[in-house]
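Q: Got a structure here, written out as structure tokens. Questions coming.
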Amino acid sequence: MVILANIIYHMSKKFIVGNWKSNKTKQEAIKWLQYLTSNIYNLSSDKKIVICPPFTLLSDVKSYIIDNKLPLRLGAQDISPFEEGSYTGEVNGIQIKEFADYVIIGHSERRQYLNEEDKTVNKKLEMVLKYGLTPILCISNVEQIQNSELIIQNSKTIIAFEPLSAVGTGLPDSPEHAKSILLTIKNKLNHALILYGGSVSPDNIKSFTNIRGFSGVLVGKESLDPSEFLKIIINA
Ligand code: PGA
């Protein structure tokens, strides 16, 4: 019953996830939040807005959200594949749980620039689930979900389909192609919530959120400017 209620709750809200990547100082983040504060309250009731700042900003952004009662949730952009311990530079699940509810894993930029492979992504997924966080697993092709039993078994995973040609290029996928991938993923994981990501903007968002079965979007560049992000929320 609780699981069903959870699923229905998740399904009824559209996810708008903003991925700030390696951008923003503390001052810039607070400015972003201040801009949103005055506009967001009456907009977001049917949307679930998640922002994923860099680790250095999670604490300050969380405090701001609580102090100003903003309807925003927090996500981390990565997680250590290890438990706590001697792993220099890594941020583990226990630490992330203090601040965030969601974790992006398997982003194509990490696969490309940091040689992250499915095996590591699976270890990270294991950690996300172990610490009760919600994974937002990025894939650029369907094969990336096929070799993970964990993904297939887990009902909590959010999948973000992000074609390589669309990430950071200003060239979004065609809604027709995105829809065909969506259907393929749904065939394999009928319980998964699926987001589209890759050059989402205020002008094209509707063409993706209009597709039945998509539960929202993952936004990179256009989430950095609060006025554009706000337009995305409004238009979604
Ligand atoms: P983009 O990034 O919106 O800048 O294409 C999307 C992403 O990397 O998640």
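The values are calculated or read from the model by the stated rules, or taken from the named source; none is laboratory data. These numbers were taken from a predicted model, which means no experiment stands behind them. Heads up, the Cβs are rebuilt from the backbone with ideal geometry, glycines too, and the neighbour counts pull from every protein chain shown. We work out accessible area using only protein heavy atoms, side chains counted, and drop any ligands, DNA or RNA first. Shrake-Rupley method; radii C 1.70, N 1.55, O 1.52, S 1.80 Å.
Q: Show me the strands (runs of 3 or more DSSP E) found entirely inside the range 128-228 where at least 2 residues are within 28 Å of ASN23 (Cβ to Cβ) and within 10 Å of the ligand (Cβ to nearest atom).
A: Filter on the range 128-228 gives 134-139, 193-197, 214-219.
Q: While we're on this one: Using beta carbons and a limit of 7 Å, which pairs, at least six apart or on different chains, have the first residue in the range 176-197 and of a type in the set (D, E, K, R) and the second one modelled with pLDDT under 90 and buried (at least 20 other Cβ atoms within 10 Å of the Cβ)?
A: Qualifying pairs under 7 Å: LYS188/ILE145.
Q: While we're here: Within 18 Å of the chain's Cα centre (by Cα), of a type outside the set (Gly, Ala, Ser), in a helix (DSSP H, G or I) and more than 27 Å from SER155 (Cβ to Cβ): does that describe LEU125? Walk me through it before giving the result.
A: Working: within 18 Å of the chain's Cα centre (by Cα): yes; of a type outside the set (Gly, Ala, Ser): yes; in a helix (DSSP H, G or I): yes; more than 27 Å from SER155 (Cβ to Cβ): no.
No.
Q: Take SER63 and decide whether it is free of Cβ contacts under 8 Å to residues at least 12 places away in the same chain and either under 26 Å from GLU28 (Cβ atoms) or open to solvent by 40 Å² or more (accessible area, probe 1.4 Å) (or both).
A: Details: free of Cβ contacts under 8 Å to residues at least 12 places away in the same chain: yes; either under 26 Å from GLU28 (Cβ atoms) or open to solvent by 40 Å² or more (accessible area, probe 1.4 Å) (or both): yes.
Criteria met by SER63.
Q: Quick check on my filter: what residues within the range 181-201 are within 20 Å of LYS14 (Cα to Cα), open to solvent by 10 Å² or more (accessible area, probe 1.4 Å) and of a type outside the set (A, V, I, L, M)? Please lay out each step first, then the result.
A: From the range 181-201, those within 20 Å of LYS14 (Cα to Cα) are 181-183, 185-186, 189-201; that's our starting set.
Checking which are open to solvent by 10 Å² or more (accessible area, probe 1.4 Å) leaves us with 181, 183, 186, 190-191, 193, 199, 201.
Passing the criteria: LYS186, ASN190, HIS191, SER199, SER201.
Each row is one residue, and each column tells you yes or no for (1) open to solvent by 10 Å² or more (accessible area, probe 1.4 Å); (2) more than 16 Å from the ligand (Cβ to nearest atom); (3) modelled with pLDDT under 95; (4) among the polar types (S, T, N, Q).
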position	(1), (2), (3), (4)
ASN92	yes, yes, no, yes
GLN95	yes, yes, no, yes
GLU109	yes, no, no, no
GLU117	yes, yes, yes, no
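Listed here are the residues, each with its yes/no results for (1) touching a helix residue (DSSP H, G or I) at 6+ places or on another chain (Cβ under 8 Å); (2) closer than 30 Å to THR37 by Cβ.
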| position | (1), (2) |
| --- | --- |
| LEU129 | yes, no |
| THR157 | yes, no |
| SER174 | no, no |
| GLY197 | no, yes |
| PRO202 | yes, yes |
| ARG212 | no, no |
| LYS221 | no, yes |
| GLU228 | yes, yes |
| ILE233 | yes, yes |
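Q: Are any residues in the range 66-100 under 19 Å from ILE16 (Cα atoms), touching a residue at least 40 places away in the same chain (Cβ under 8 Å) and not in a strand (DSSP E or B), and if so, which ones?
A: Correct list: GLN77, ASP78, PHE99, ALA100.
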